[in-house]
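Visitor: Handing you this structure, nothing more for now.
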Amino acid sequence: MTDNDMLFDYLLRLGDNSLILGQRLAEWCGHAPMLEEDLALTNIGLDLLGQARMFLSYAGEVEGKGRDEDRLAYFRDTKDWRNLLLLEQPNGDFAATMARQFFFDSFQYLQFEALARSSDERLAGIAAKSLKETTYHRRHSTDWIIRLGDGTDESHEKMQRAIDAIWGYLPEMFDMDAVDDAMVADGIGVDVTALRTAWDGYVNDVLAEATLIRPEDSWSVRGSRDGKHSEHLGYILAEMQFLPRAYPDAKW
Amino acid sequence: MVALAAHEDIESILALVKDPEIPVLSIADLGIIRRIEEGEDGRVAVVITPTYSGCPATEVIEADIADMLKLHGVSDFEIRSEISPAWTTDWITAEGRRKLEEYGIAPPASKGKAALLGHEGVICPQCKSTNTDRVSEFGSTACKAQYKCLDCLEPFDYFKCV
């Protein structure tokens, strides 16, 4: 891989994370447990979609093959996607959605905070802008973890079950491969292993306040950096990409 | 001096463009016009910045700016969007804050960072009480949260600090 290929791949990872989680949150539209949450989840999804557009537009320019944000979003198959496996997991119940959201918000907050200091000015600009939004996302999901964990017996049990079920998808957030190493060496990317302590500190505090138990690190699943995904991604893409693939030249 | 007069013209034309989601505010009140550049050949560049990454109003605003410039006889222009430095609610003008409150939307309470950390004193736009409570962090548009007043009991929108 050339430096340029690596930057392209790195930008895809960032953009795909935002796009796939945003797409998942959009599935809640009209189905959330209450109106305020319907608005919240779709607003967060919209922020993520906006972030994805900035990352993927930039990725397309770096690649230099004439692919724009739409081409990258609608005409790639599963093996070419770089989002974390965590983010393509089904919404499940509200507790499962909030568990996925909370752990990722806590990670993305730290990732954007560090990326805002990237030597790549454009990437730093996107991260600085997105960080403001992620600050609200994290506050929102944090509130729910505490409210449901330290709520009724039933809400506590569902929240704990959701956290246990997703725990093994979290270690992938802190993986580093050759692309990550190269980006860190160039001052462009983030050493995610260095975010681990801050992430643990924040997550542990919130789980303690929520009276929830941090699960043991007994299992883990990974593969997104090599384009190896769970079966769920294919279904997401089938729905998200149907229209532009069926009518490739369609315009609004 | 001719160029300066023309610059002021463009500024006053842009002041006529309203925010499509909060139509009491002009885009100038909102602080999203970053610069107006005029080349020696008379070509005008309007540099704007989006409020939120995914704000659907951004594209409408660009189209509205183009329409308003054309309507006033300005044909040689371009509109560019810049994301850095990131837009902050601190750029909403005093006039903009007054208009928001009159419209029933509580303007952002304090300077960015403190509000991001959750130390907010949101004032009810109806009765001016500070005895208010957050209903939801997210509201009808990306930039607003939902609050209620515990004194006059009115629910209201709050323009979030970013």
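No lab work stands behind these numbers, since they all come straight from the coordinates. Every value quoted in this text rests on a predicted model; they were computed, and no experiment measured them. Every residue, glycine among them, receives a Cβ derived from its backbone with ideal geometry; neighbour counts consider all protein chains shown.
Visitor: Just to be sure I understand the filter: pairs with C-beta atoms under 6 Å, separated by 6 or more residues or on different chains, first member in the range A:28-41 and more than 9 Å from chain B (Cβ to nearest Cβ), second member aromatic (F, W, Y). Which pairs pass?
Guide: A:P33/A:F94
Visitor: Sticking with this one: Considering the range A:13-68 alone, what residues qualify as being under 19 Å from the mean Cα position of the chain (by Cα), surrounded by fewer than 24 Cβ atoms within 10 Å (Cβ to Cβ) and among the β-branched types (V, I, T)?
Guide: A:T42 - this is the single residue of the range A:13-68 that is under 19 Å from the mean Cα position of the chain (by Cα), surrounded by fewer than 24 Cβ atoms within 10 Å (Cβ to Cβ) and among the β-branched types (V, I, T).
Visitor: Hey, another quick one. For the range B:120-154, give me each residue that is in a strand (DSSP E or B) and within 11 Å of chain A (Cβ to nearest Cβ).
Guide: Result: B:R134, B:V135, B:S136, B:K144, B:A145, B:Q146.
Visitor: Determine which single condition A:H137 fails, assuming it passes every other condition in (1) farther than 15 Å from A:L25 by Cα; (2) within 14 Å of chain B (Cβ to nearest Cβ).
Guide: (1)
Visitor: If A:Q111 meets every condition in (1) out of contact with any Asp or Glu (no Cβ under 9 Å at 6 or more places or on another chain); (2) crowded, with 19+ Cβ neighbours inside 10 Å; (3) within 14 Å of chain B (Cβ to nearest Cβ); (4) under 17 Å from A:L7 (Cβ atoms) apart from one, which number is that one?
Guide: Here A:Q111 meets the rest and fails (3).
Visitor: Looking only at the range A:146-157, filter to residues that are more than 14 Å from every other protein chain (Cβ to nearest Cβ) and in a helix (DSSP H, G or I); which one of those is surrounded by the most Cβ atoms within 10 Å (Cβ to Cβ)?
Guide: Only one residue fits best here, namely A:G149.
For every residue, the table says whether it meets (1) free of Cβ contacts under 8 Å to residues at least 12 places away in the same chain; (2) of a type in the set (A, V, I, L, M); (3) part of a loop (DSSP other than H, G, I, E, B).
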site: A:G168; (1), (2), (3): no, no, no
site: A:M173; (1), (2), (3): no, yes, no
site: A:D181; (1), (2), (3): yes, no, no
site: A:R196; (1), (2), (3): no, no, no
site: A:L207; (1), (2), (3): no, yes, no
site: A:S230; (1), (2), (3): no, no, yes
site: A:A238; (1), (2), (3): yes, yes, no
